[in-house]
1. Those residues that are open to solvent by less than 50 Å² (accessible area, probe 1.4 Å), acidic (Asp, Glu) and farther than 29 Å from GLU146 by Cβ, I need them from region 173-204; list them, please.
2. Taking region 95-114, which residues are open to solvent by less than 40 Å² (accessible area, probe 1.4 Å), more than 19 Å from THR39 (Cβ to Cβ) and in a helix (DSSP H, G or I)?
3. Could you check, for region 179-186, whether at least one of its residues is over 25 Å from SER52 (Cβ atoms) and at pLDDT 95 or above?
4. Check every one of the strands (runs of 3 or more DSSP E) wholly within region 115-205 and list those with 3 or more residues that are without any contact (Cβ under 8 Å) to a residue 40 or more places away in the chain.
5. Which one of these is under 20 Å from GLN191 (Cβ atoms) and either open to solvent by less than 40 Å² (accessible area, probe 1.4 Å) or in contact with an Asp or Glu (Cβ under 8 Å, 6 or more places away or on another chain) (or both): LEU149, LEU159, LEU170?
6. Listed residues TYR72, TYR32; which is open to solvent by less than 10 Å² (accessible area, probe 1.4 Å) and modelled with pLDDT of 95 or more?
7. Among the residues of region 10-27, is any modelled with pLDDT of 95 or more, farther than 17 Å from ASP122 by Cα and crowded, with 19+ Cβ neighbours inside 10 Å?
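The values are calculated or read from the model by the stated rules, or taken from the named source; none is laboratory data. None of these values were measured; they are calculated from a predicted model. Heads up, the Cβs are rebuilt from the backbone with ideal geometry, glycines too, and the neighbour counts pull from every protein chain shown. Just so you know, the surface numbers come from the protein's heavy atoms only, side chains and all, with ligands and any DNA or RNA stripped out. Shrake-Rupley method; radii C 1.70, N 1.55, O 1.52, S 1.80 Å.
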Amino acid sequence: MRVRNIVMAALMAVCPAMSMAEGDRAGEFDYYVLSLSWTPSWCAIEGDDRGSPQCDAGQGYGFTLHGLWPQYDNGWPSYCPTVEPMPTRRMTGEMVDIMGSSGLAWHQWRKHGVCTGLDAADYYALSRFAYDSVTRPDLLRRLDREVRLPATVIEEAFLEVNPDLSADMLTVTCRAGRVQEVRLCLTRDMQPRVCGEDVIRDCTLDQAIFSPMR
């Protein structure tokens with residue numbers, strides 16, 4: 001019941017009354033992008049240099065939640081003015097199991113969550129609901145060595161285990177020659193939908209690096 005109420009709030013969300021002469025307005029957007037980051041790639045590109053604990057051996061992070069982003073049909077809002085209080089340490093700490101760090105959870109609220117029209121608790125709850133609604137391919141978690149593959153293989157793996165999705169509802173991104181993220185497009189009531197043209201830009205690498213979980 002709580003999740004349903006959160007979804008309904010997301011559909012109807014508008015920013016509490018306050019003057020906003022310029023900038024994006026909270027609650028006014030068209031759909032969501034759910035961004036899932038392949039943690040071994042993030043660690044190889046920047047996490048190891050930061051000494052991030054989520055990159056330590058044995059942590060077992062695979063596709064983690066990068067964020068749930070409000071999106072326009074073309075473009076996206078960010079850093080919207082809000083009267084909602086910042087999330088507490090407890091709130092951000094409770095997202096570590098699917099996001100890898102409380103710092104990322106705080107940043108995602110500050111940049112994207114404020115534009116949903118939800119408060120921090122409901123934004124995190126909706127983000128977890130969206131994350132849990134997508135099946136991450138178990139086959140990718142069972143790799144025991146680094147491989148090079150067409151990025152399209154990752155997309156096909158997601159489509160195989162998520163029959164409600166079609167190829168125009170998700171995209172695979174690459175960075176530094178590695179598979180970076182899978183991004184899925186969802187309606188405001190958390191149903192799969194076709195992505196906007198500025199989102200559906202698939203990685204075209206035929207030899208993208210895909211590292212195993214640590």
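1. Answer for region 173-204, where residues must be open to solvent by less than 50 Å² (accessible area, probe 1.4 Å), acidic (Asp, Glu) and farther than 29 Å from GLU146 by Cβ: just ASP198.
2. TRP109, GLY113, VAL114, listed by residue number.
3. Keep residues of region 179-186 that are over 25 Å from SER52 (Cβ atoms), which gives 185-186.
Adding the requirement that they be at pLDDT 95 or above leaves 185-186.
Scanning region 179-186, I find at least one residue that is over 25 Å from SER52 (Cβ atoms) and at pLDDT 95 or above, so the answer is yes.
4. The qualifying strands (runs of 3 or more DSSP E) are 170-175.
5. So the residue among LEU149, LEU159, LEU170 that is under 20 Å from GLN191 (Cβ atoms) and either open to solvent by less than 40 Å² (accessible area, probe 1.4 Å) or in contact with an Asp or Glu (Cβ under 8 Å, 6 or more places away or on another chain) (or both) is LEU170.
6. When all the criteria are applied, what remains is TYR32.
7. no
Residue-wise test of (1) under 18 Å from the mean Cα position of the chain (by Cα); (2) open to solvent by less than 10 Å² (accessible area, probe 1.4 Å); (3) under 22 Å from LEU186 (Cβ atoms).
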{"site": "ALA44", "(1), (2), (3)": "no, no, no"}
{"site": "ASP49", "(1), (2), (3)": "no, no, no"}
{"site": "LEU65", "(1), (2), (3)": "yes, yes, yes"}
{"site": "LEU68", "(1), (2), (3)": "yes, yes, yes"}
{"site": "TRP76", "(1), (2), (3)": "yes, no, yes"}
{"site": "PRO81", "(1), (2), (3)": "no, no, no"}
{"site": "MET86", "(1), (2), (3)": "no, no, no"}
{"site": "ARG90", "(1), (2), (3)": "no, no, no"}
{"site": "GLY93", "(1), (2), (3)": "yes, no, no"}
